[in-house]
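Some notes on the structure that comes next.
The values are calculated or read from the model by the stated rules, or taken from the named source; none is laboratory data. Just so you know, these numbers come straight off a predicted model, no measurement behind them. Positions of Cβ are backbone-derived with ideal geometry, glycine not excepted, and every protein chain shown enters the neighbour counts. Side chains are part of the model used for accessible areas, which takes the heavy atoms of the whole protein and leaves out ligands, DNA and RNA. Shrake-Rupley method; radii C 1.70, N 1.55, O 1.52, S 1.80 Å.
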Amino acid sequence: MPATIVETNPGKFKRLDIDPITLDIIENAMMNARYEMDAVLFRTAMSPGIREQHDEFPMIANLEGKMVVGQFGSFIHGFKEAYDGTIEEGDLFLTTDPYSCNGAISHINDWLLLRPIFKDGRLIAYAAMFGHMTDVGGKVPGSLPTDAREIFEEGIRIPPTKIYKGDELQTDILELILHNCRMPNWNRSDFNALVAAIRTAEKRVIEMAERFGDDEFYSALDELLDRNKRAMSKLIKTTVPEKKQYFEDYICDDGLGMGPYRIKCAMWRDKNKVIFDFEGTDPQSISSINFYLNEEMFKMFCGVYMIMVFDPQIMFNDGFYDLMEVRIPEGTLLKPRAPAALSCRTHALGRIFDVLGGLLGQGDPDFLAGAGFSDSPHFMYSGYDKNGEWYQLYSIGFGGIPGKPSGDGPDGHSLWPSFTNVPNEFLESYFPLRIETYETIQDSGGAGYNRGGNGLRMGYCFLEPGTISIHDDRWLTYPWGVNGGLPGRRSEKILVRTDGSQEMLPSKCDRIEVSSGDILYFNTWGGGGCGDPLKREVERVEFDVRAGLVSVEGAKRYGVVMNDDLTVDLKKTDALRARMAKKRGDVQMFDRGGDIETLKKRCKKETGLEPPRQPEFQAWALKAMGNAAKAAPKSGVKVKRAARKTA
């Protein structure tokens, strides 16, 4: 039964014509309110993940729940359909359960708050925000176990709950939640910061309605949505072909030693609508790499990607949603059934962007970018210091953005453009850590006419005994290059003990004990190259060599020979490029560095790690998938019955 909205004023809003000047003023005021939400949060939260790294996402929506400004798209329609209760003035909802809000959030560390905004007894808008909490309980510090089999192992799970009723905080509920978290003071502060940010949005919305009029404000939001729809309709017609395009990519492993897992998608245009169909994606994992992908969220991902690639002037919001149809089979990696674990979902979430890039770029190769830093690698370190005080760090690693038709990929950047790094000075001041190394990894970006961005190397020297957890990927498969561009370098994690011994750590692991003086080298991957590297201007290659981004030896991937004084030997360069072009032949649209079977055969030699075993799937999931057993071997992934059923 859908939610019931309680309004004391039965009057309906009227749709009016809004002049362009007023519309622009309201548009910019809405965007400013959205950024003010960020500012309030960053200045009042305590956890470094939110305060310093900005792992949060705000939204302001119209009264129908369609996002007008924000980042992740609106979940409100699905929330209202799933919530069996009333929505009243003075309410503020809290939820952390992806299965209770149709995947509006993707794991239980994200605390999502939603506020209906009322004015004069009528619902006029919504404000929402979610932020990643450093800890919400569960079996490991950080609440992101790599070996979880069910979501119950990941921490406290909160269904949609009125945490405020009539503007009164339900203190007993909040205290019960905080009692289950390892860092209750951080969580309390972050919760209050989220509330403050949402109240700021509420205040600005009411101010706008009072200044311009309720009907004018209502009409302006609708016009902003309609304007986006008109622009996206033209964009879809000119960039998405009617012929089906197919693309697939992989999650390297599941934290249990099995992999890779395939994400497959088809895309085509049917008249004015673009359709995405994920049939052929692997069944849900028995581990925690599942990603409950909300269809509306995927539409926003796709819309933002298209806008940024083809026409950055378009303001993105939810106006275009009925121009897209998203089909995700139930029981797959992207639509798991409860209580499947979700704590390692970040890898599939990020890989979606590579799949999107591969699909959209096939329709117009001139806009095709390489595979990028499609992940948010997590590093967690916790324990008791010499004073017996508990410390706990959660941070996100950055890597290489892909080369693109318009230029080189940035070095050491985040998947999410608004994220920032946690300053090393902050880490060293508040945690028993010393940052030994913080640098880009030379030659890790894929060679291309436009170079892929380099990955980052961070050297964490631990000053207290503790345990670490790592979430990462792209250690088996390469970040692929496009249109002749070469793949980027893969990730690796090396733990150097105080006795000088080295351990190559898997990409997903928990409970790794470290001692004072041990050093972890956390090396992220580079972006794939874009375009023929043999056509890159030698002046650009020389600059990269002098800047330390490309080595003298690495310059030869571009067919460039360097002199001892780091100038280009033009004669030898011309000769080398001619030989390389003849040997290579025609350029490839995609260069993955080898198929899955080849990568597995080379795995131990190249990575120092054993290749992952073939994935095991639950019997009911295989039955639901139907043809999954036949389709999987084409990608080098065989399906087997799981030895243990968990759901």
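Determine the share of the chain's accessible area contributed by carbon and sulfur atoms, expressed in whole percent, with a 1.4 angstrom probe.
Details: 12460 of 24940 Å².
The value for the chain is 50 percent carbon and sulfur by accessible area.
Taking a ≥ b ≥ c as the square roots of the Cα gyration tensor eigenvalues, with a/c under 1.5 meaning rounded and otherwise prolate when a/b beats b/c, else oblate, which class fits the range 1-98?
oblate
Provide Val274, Val587 ordered by accessible surface of protein heavy atoms (probe 1.4 Å), highest first.
Val587, Val274
In the full protein assembly as shown, how much of His54 is accessible to a 1.4 Å probe, in Å² to the nearest 10?
Accessible area, nearest 10 Å²: 40 Å².
Can you order the peptides 285-297, 390-402 by their average number of other Cβ atoms within 10 Å per residue, highest first?
285-297, 390-402
Give a quick list of GluC sites (Glu not before Pro) in the range 300-390 that DSSP marks as loop, anything other than H, G, I, E or B, with at most 10 other Cβ atoms within 10 Å.
Glu389
Report, as a whole number in µm² per second, the diffusion coefficient that Stokes-Einstein gives for the chain at 10 °C and 1.306 mPa s using the Kirkwood radius over alpha carbon pairs.
Stokes-Einstein gives a translational diffusion coefficient of 62 µm²/s.
I'd like the distance between the alpha-carbon centres of the range 569-631 and the range 195-226, rounded to an integer number of Å.
50 Å
Can you tell me how the range 438-490 classifies by the Cα gyration tensor, rounded, prolate or oblate, using a/c under 1.5 as the rounded cut? Before the final figure, lay out each step's value.
Details: a/c = 5.62, a/b = 2.21, b/c = 2.55.
Verdict is oblate for the range 438-490.
Under a Cβ-only charge scheme (Lys and Arg +1, Asp and Glu -1), can you give me the dipole magnitude of the range 292-372 about the Cα centre, in debye to the nearest 20?
460 debye
When all protein chains stay in place, what accessible area (Å², nearest 10, 1.4 Å probe) is found for Trp620?
60 Å²
For the range 328-401, what ratio Rg/Rh do Cα atoms give with a Kirkwood hydrodynamic radius?
Taking Rg over the Kirkwood Rh, I get 1.18.
What order do you get for 519-528, 121-130 when each peptide is scored by the mean count of other beta carbon atoms within 10 Å, highest first? Let's see the in-between values first.
Working: 519-528: 28.7, 121-130: 23.8.
Highest mean packing first, the order is 519-528, 121-130.
For the range 224-294, build the convex hull from the C-alpha positions and give me its volume per residue in Å³. Display every interim value, and only then the final one.
Details: hull volume 7.9 nm³, N = 71.
It is 111 Å³ per residue.
Any idea what the relative contact order of the chain is, in percent, if you count C-alpha pairs under 8 Å spaced at least 6 apart? List each step's numbers first, then the result.
Numbers: 1654 pairs, mean separation 78.1, N = 647.
Once divided by the residue count of the chain, the mean separation gives 12 percent.
When averaged across all projection directions, what area in nm² does the alpha-carbon convex hull of the range 43-103 cover?
5.4 nm²
Nothing charged except the Cβ atoms of Lys and Arg (+1) and of Asp and Glu (-1): what's the magnitude of the dipole of the range 359-472 about its Cα centre? Round to the nearest 20 debye. Provide the component values of the computation, followed by the final result.
Details: 5 positive and 14 negative charges, 13 e Å.
Charge dipole of the range 359-472: 60 debye, to the nearest 20.
What is the distance in Å between the Cα centres of the range 120-157 and the range 300-343?
20 Å
Just how much of Arg149 is accessible, in Å², when a 1.4 Å probe is used and the result is rounded to the nearest 10?
50 Å²
Taking 0.36 nm per intervening residue step and subtracting the Cα-Cα distance, what contour gain separates Asp595 from Asp24 on full extension?
200.5 nm
Please list Lys299, Lys605 in order of solvent-accessible area, largest first, computed with a 1.4 Å probe with all protein chains present. Please report the intermediate quantities before stating the final value.
Details: Lys299 25, Lys605 190 Å².
The residues order as Lys605, Lys299, largest area first.
Lys234 to Lys572: extension gain in nm, 0.36 nm per residue of separation minus the Cα-Cα distance?
116.8 nm is the gain from fully extending Lys234 to Lys572.
Go through the range 114-219 and name the GluC sites (Glu not before Pro) that are in a DSSP coil and have 10 or fewer other Cβ atoms within 10 Å of their Cβ. Show your work: numbers first, answer last.
Details: sites: Glu150, Glu153, Glu154, Glu168, Glu175, Glu202, Glu207, Glu210, Glu216; in loops: none.
Answer by residue number: there is no such site.
Here is the link list: Lys264/Lys600; Lys66/Lys264; Lys14/Lys165; Lys139/Lys623. Which ones come out longer than 23 Å on Cα distance? Before the final figure, lay out each step's value.
Values: Lys264/Lys600 20 Å; Lys66/Lys264 28 Å; Lys14/Lys165 29 Å; Lys139/Lys623 31 Å.
Checking Cα-Cα distances, Lys66/Lys264; Lys14/Lys165; Lys139/Lys623 exceed 23 Å.
For Cα pairs less than 8 Å apart in space and 6+ apart in sequence, what is the mean separation divided by the residue count of the range 259-408, i.e. the relative contact order in percent?
22 percent
With +1 assigned to the C-beta of every Lys and Arg and -1 to the C-beta of every Asp and Glu, and no other charges, what is the dipole magnitude of the chain about the Cα centre in debye, to the nearest 20?
Computed charge dipole of the chain: roughly 2680 debye.
Could you estimate the translational diffusion coefficient of the range 96-221 from the Stokes-Einstein equation, with Rh from the Kirkwood formula over C-alpha pairs, at 25 °C and 0.890 mPa s, in whole µm²/s?
153 µm²/s
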